[in-house]
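Since the structure comes first, as structure tokens, the remarks are kept for the end.
The values are calculated or read from the model by the stated rules, or taken from the named source; none is laboratory data. Because the structure is a prediction, the values reported are computed rather than measured. For neighbour counting, all protein chains shown are included, and Cβ atoms are generated from backbone atoms with ideal geometry for every residue, glycine included. Accessible surface is based on the protein model in full, side chains and every heavy atom, while ligands, DNA and RNA are left aside. Shrake-Rupley method; radii C 1.70, N 1.55, O 1.52, S 1.80 Å.
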Amino acid sequence: DLGKALLHFEKAKKLFQKGSYLKYEFRSLYELGKLHDKLSNKNLAIIFLEESIHKSSVNHPDTENVDAYQLLALLYMQTGNYEKAFQYQTNYSEIKDSIHNRKQLSRVVELEHEIEHLIEERDLALNLAKLEQKNAGLRIWIISFAAFALISLLVTLLYFYRKNAAETLLKKTKEINLIQVEKIKKQHQIESAKSFILGQSEERRRLSQEL
């Protein structure tokens, strides 16, 4: 029951005071305050809760013990101390607003990180696209240069081939012309020799007839 639970919490408080968990004693005090409230010991509940707030303010932010402010505001209202009730309710509202603002700020920071991450990913994608475009342009330039060099080589080879063929043909033509000239000279020499021999024969015949 609540009485036995209260004894356990008081024992836990003493253990916290002796052990290495002194900085978390405010939690035990808060639980004791809630139990005294359930037992209708309003004044004791107020004492424990205020002590809990005092302890938590030493090593912890108010946000970790915010419920103690709300419960104290309720207890002071029930005991007729409206000034104290208003004070703790105001503190509770301010702390809750602070928690909300911190959460909103944390969310804003998270969103900023997400946006920065997205921007970094976008920039990386753009840089990769630019690099790929640059590499593609470089590949096109290399292929174009290689094609131009190959065409130039083929044109040069064709030019020298035709030049060599023309020179060969001219040489062969000259050789044929020389052969034909030599042939004509020989024919002319033969014709001259025949004419000479024929003339000699005619001359001998004429001399023979005169004798």
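Structure notes:
- Residue-level analysis places residue 119 outside the set of residues that are open to solvent by less than 90 Å² (accessible area, probe 1.4 Å), out of contact with any Lys or Arg (no Cβ under 6 Å at 6 or more places or on another chain) and within 30 Å of residue 68 (Cα to Cα).
- Contact map, segment 84-107: residues that are farther than 16 Å from residue 65 by Cα paired with residues that are in a helix (DSSP H, G or I) and open to solvent by 90 Å² or more (accessible area, probe 1.4 Å), Cβ distance under 8 Å, separation 6+ or inter-chain. Pairs shown: 85/77.
- Looking across segment 200-211, the residues that are at pLDDT 75 or above and open to solvent by less than 100 Å² (accessible area, probe 1.4 Å) come down to 200, 201, 202.
- Residue 39 being touching a Lys or Arg at 6+ places or on another chain (Cβ under 9 Å) and not small (Gly, Ala, Ser): no
- Residue within segment 42-58 that is open to solvent by 40 Å² or more (accessible area, probe 1.4 Å), of a type in the set (A, V, I, L, M) and modelled with pLDDT of 80 or more present: yes
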